[in-house]
């Protein structure tokens, strides 16, 4: 049992959610999540759903004793149930201390849709281990019907504007209104040039290929991800796209494309042909690195020089293992957001694998940090590196100073996963390239020095 001695029934809590939790979510939670988290955690989640506040006021708090009475459980059982909800992605927890006492801020998350759930390697594997092969197959077929192939039929589905008539002026007004309602910061998407790909060259290659160029260009984020994570150039991307395409329809199966990208990466280790320079932005060096020491700057250069897949592989080899398919998929998902440069992803990889000594890139933790960056508008690798170092230093000081001083130094709101307080300003374009075995050994030695200093 997970125990937290500082968790008290007198502590306050409030519950909120960024979006309305739908009644249909309950069926997904019962079928897919309840076997993983257990009956107590499911009951806690259901109870918290009824306590969601539309307008969050910190003074309108309840005590955890209320949850204990309604669920008829003990303090340690409640805390363990909360931890399971957090680990499964159904709850995010923040803590703060004010004049009214200790406060937990619970942000309820909707369950993943069945398609996303079964694509999540961790959730899918845990469900299989929990319920067994037979029940796992029954759950899968409960949510997904048998695929119906209509090879000889031609799609005649009408598009929206073929049926509905909307004036351009009204459409523009609606778009402007939607922007005014958006509360979260939206980071600017990376362009082809910023990513390091030549769009005109790519279009030219597509014109000489049998694959549907319009479909490919509409999925440019997946191309960006393959380039940013693995370092594939335009010619290699075209080759992978053609291998993933159906010659009957000329459509690309992008799930197959992602699998082939992972396989090609493994088979092309040490091949210097796959190399692509990332665009550079002229930023004042003194401004970027004024808070970094020499070791940080050296690590930052390594983060900028290599693709995330290669960077992760080096760190995994240091631990006597290799990058898994699920870890590579996590990197691809982050790259497909099209808002972060590879150096940012590498900094997060180093933070998880070295600073926090994780043996596996936990997808929920990884995506939580990425989401935190998006909300705060974080785009600068130098500032992220500086904040990670400051965060590690503060954590060491708290261990030395003891729990009393630690409570006095707590920031106003602390995310439960103890995520770093990332930077907010600037933008930097970084360089990535494929590296040889000799370069790999040099990077290993460099990262080993950082690991010893932790």
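Just subtract the alpha-carbon distance of residue 214 and residue 359 from 0.36 nm times their residue separation and send over the number in nm, one decimal.
Stretched fully, the residue 214-residue 359 segment lengthens by 48.1 nm.
If you stretched the chain out fully between residue 375 and residue 298, how much longer would it get, using 0.36 nm times the residue separation minus the C-alpha to C-alpha distance?
24.9 nm
With label points built 7 Å along Cα→Cβ from the Cα atoms of residue 24 and residue 137, find their separation and express it in nm.
Taking the simple label geometry, residue 24 and residue 137 are separated by 2.8 nm.
How far apart, in nanometres, would the label points at residue 321 and residue 201 be if each is projected 7 angstrom from Cα along the Cα-to-Cβ direction?
3.7 nm
Multiply the residue separation of residue 54 and residue 253 by 0.36 nm, subtract the distance between their alpha-carbon atoms, and state the gained length in nm to one decimal.
67.5 nm
None of the figures in this text is laboratory data; all of them are computed from the coordinates on show. Because the structure is predicted, anything quoted here is derived from the model rather than measured. All Cβ positions, even for glycine, are placed from backbone atoms using ideal geometry, and neighbour counts span all protein chains on display.
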